[in-house]
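Scroll down for the structure; my scribbles are underneath it.
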2 protein chains.
Amino acid sequence: MNDNYPSKLLQRAVEQFTKLPGIGERTALRLVLFLLRLKKEDALDFTRNLQQFIEEIKFCRICNNISDSDCCTICSDPRRAQNTLCVVENIKDVMAIENTSQYFGLYHVLGGIISPMEGIGPGDLSIDLLLERLKQNTVEEVIFALSATMEGDTTNYYLYKKLKDSGVKISVIARGVSFGDELEYTNELTLGRSILHRTPFDGYPSTR
Amino acid sequence: MNDNYPSKLLQRAVEQFTKLPGIGERTALRLVLFLLRLKKEDALDFTRNLQQFIEEIKFCRICNNISDSDCCTICSDPRRAQNTLCVVENIKDVMAIENTSQYFGLYHVLGGIISPMEGIGPGDLSIDLLLERLKQNTVEEVIFALSATMEGDTTNYYLYKKLKDSGVKISVIARGVSFGDELEYTNELTLGRSILHRTPFDGYPSTR
């Protein structure tokens with residue numbers, strides 16, 4: 001940090017923003033000066049809302065998703081299919097899948113994926129909670145929807161070993177050529193898998 | 001904003017960050033989830049320090065700089081030359097000049113520069129405060145240190161007209177070829193000015 005701050009309050013405010021990922025000292029100073037130019041009430045709104053979030057936010061006791069109450073809106077919605085669970089890494093993935101409007105079951109949020117590089121092991125994820133859920137015998141299918149990376153594959157394999165004797169059907173989201181991608185630039189692994197797992201074709205464009 | 005937030009608290013927290021310049025919804029969500037992964041006390045530190053900054057920060061009654069008290073550390077330092085004033089746009093420029101360790105006088109922070117495009121006129125700047133200061137008759141030289149842009153030039157000219165009859169010496173920071181720049185890529189205006197305002201040369205490298 002620069003030592004020439006004429007104000008300790010300013011310096012400490014800048015330090016708060018530099019704690020955040022991807023924000024350096026220059027950007028932090030710009031953000032703090034922006035807050036200072038706002039009306040005082042609007043600037044205080046910023047900190048008050050964040051403080052309320054930090055103090056009151058909860059994790060759903062059923063699926064481990066971020067929630068305003070003990071049980072999240074998805075878990076407490078009786079219209080969702082109770083027999084299907086989609087296992088995802090975090091809330092961003094829940095939101096991405098909800099945006100597709102193609103999934104009507106429940107979720108289970110792991111809170112991360114196994115990553116030895118970042119020191120995240122199975123014990124850091126909500127896997128025990130998932131196993132408890134399956135003991136209720138309402139779930140018939142578990143869909144693994146993790147990233148198509150080494151870490152995602154590792155986590156898929158670990159979960160598979162834990163779940164394979166539980167009697168539920170286990171599936172994984174399809175791998176293949178993304179819409180909009182040109183074959184020429186698709187990597188071999190993806191292209192090979194897309195041929196192996198080809199689907200019946202009915203003549204309609206696939207994007208309809 | 002995405003409508004699929006499973007939590008109103010989360011959505012409101014994300015909205016706070018999207019108010020800041022250069023931060024979109026995706027980045028905002030990433031920052032909020034980062035705060036959530038911190039220890040609760042550390043996360044609350046973030047909002048508490050910012051709140052304290054917003055509530056307690058002051059502007060120096062003499063130079064208009066951001067300050068912890070009524071009179072900033074520079075204005076209240078008796079070792080600074082009281083007869084020289086450097087006029088700058090904002091606190092970032094004060095810090096930049098302080099970092100050079102080449103200036104030992106006082107500052108006057110305008111709080112902006114004249115910019116019709118952004119709707120900032122002379123009335124929005126602390127020009128009256130500057131004129132009041134000059135009436136004390138302790139200041140002998142005023143140095144304009146504004147950006148070398150159209151807005152900076154306009155402000156320089158406006159200030160010059162206001163100050164020219166006050167009896168103080170008026171100067172402007174030197175324009176010329178930046179250290180590290182190659183002549184070939186220097187714009188004509190700068191290069192022409194650097195020849196016109198050439199300085200005596202004593203044989204030593206200019207960066208010593």
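The figures follow:
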{"read-out": "Filter pass, A:ILE57 being out of contact with any His (no Cβ under 7 Å at 6 or more places or on another chain), at the interface with chain B (Cβ under 7 Å from one of its Cβ atoms) and more than 27 Å from B:PHE46 (Cα to Cα)", "value": "no"}
{"read-out": "Unmet criterion (only one of (1) of a type in the set (Phe, Trp, Tyr); (2) surrounded by fewer than 10 Cβ atoms within 10 Å (Cβ to Cβ); (3) under 29 Å from A:ARG80 (Cα atoms)) for A:TYR158", "value": "(2)"}
{"read-out": "Region A:178-205, subset within 27 Å of the chain's Cα centre (by Cα) and closer than 30 Å to A:GLU140 by Cβ, residue surrounded by the most Cβ atoms within 10 Å (Cβ to Cβ)", "value": "A:SER194"}
{"read-out": "Among the candidates A:LYS39, A:LYS8, residue that is surrounded by fewer than 17 Cβ atoms within 10 Å (Cβ to Cβ) and within 9 Å of another protein chain (Cβ to nearest Cβ)", "value": "A:LYS8"}
{"read-out": "Helices (runs of 4 or more DSSP H) contained entirely in region A:60-170, each with at least 1 residues that are more than 12 Å from chain B (Cβ to nearest Cβ) and at pLDDT below 95", "value": "A:127-134, A:150-163"}
{"read-out": "Pairs with Cβ under 9 Å, 6+ apart, first in region B:180-192 and under 19 Å from B:ASP153 (Cβ atoms) and assigned by TED's automatic domain parsing to the domain that holds B:THR149, second assigned to a loop (DSSP other than H, G, I, E, B) and hydroxyl-bearing (Ser, Thr, Tyr)", "value": "B:THR186/B:SER178; B:THR190/B:SER178"}
{"read-out": "Test for B:ALA81: is it among the small types (Gly, Ala, Ser) and buried (at least 16 other Cβ atoms within 10 Å of the Cβ)", "value": "no"}
{"read-out": "Candidate set: region B:14-29, residues that are within 7 Å of chain A (Cβ to nearest Cβ) and farther than 16 Å from A:GLU41 by Cα; chosen: the one surrounded by the fewest Cβ atoms within 10 Å (Cβ to Cβ)", "value": "B:PRO21"}
{"read-out": "Flag if A:LEU146 is buried (at least 19 other Cβ atoms within 10 Å of the Cβ), assigned by TED's automatic domain parsing to the domain that holds A:ARG175 and in contact (Cβ under 8 Å) with a residue 12 or more places away in the chain", "value": "yes"}
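The values are calculated or read from the model by the stated rules, or taken from the named source; none is laboratory data. Remember, predicted model here, so these are calculated numbers, not experimental data. Every residue, glycine as well, gets a Cβ built from its backbone with ideal geometry; the counts of neighbours run over all protein chains shown.
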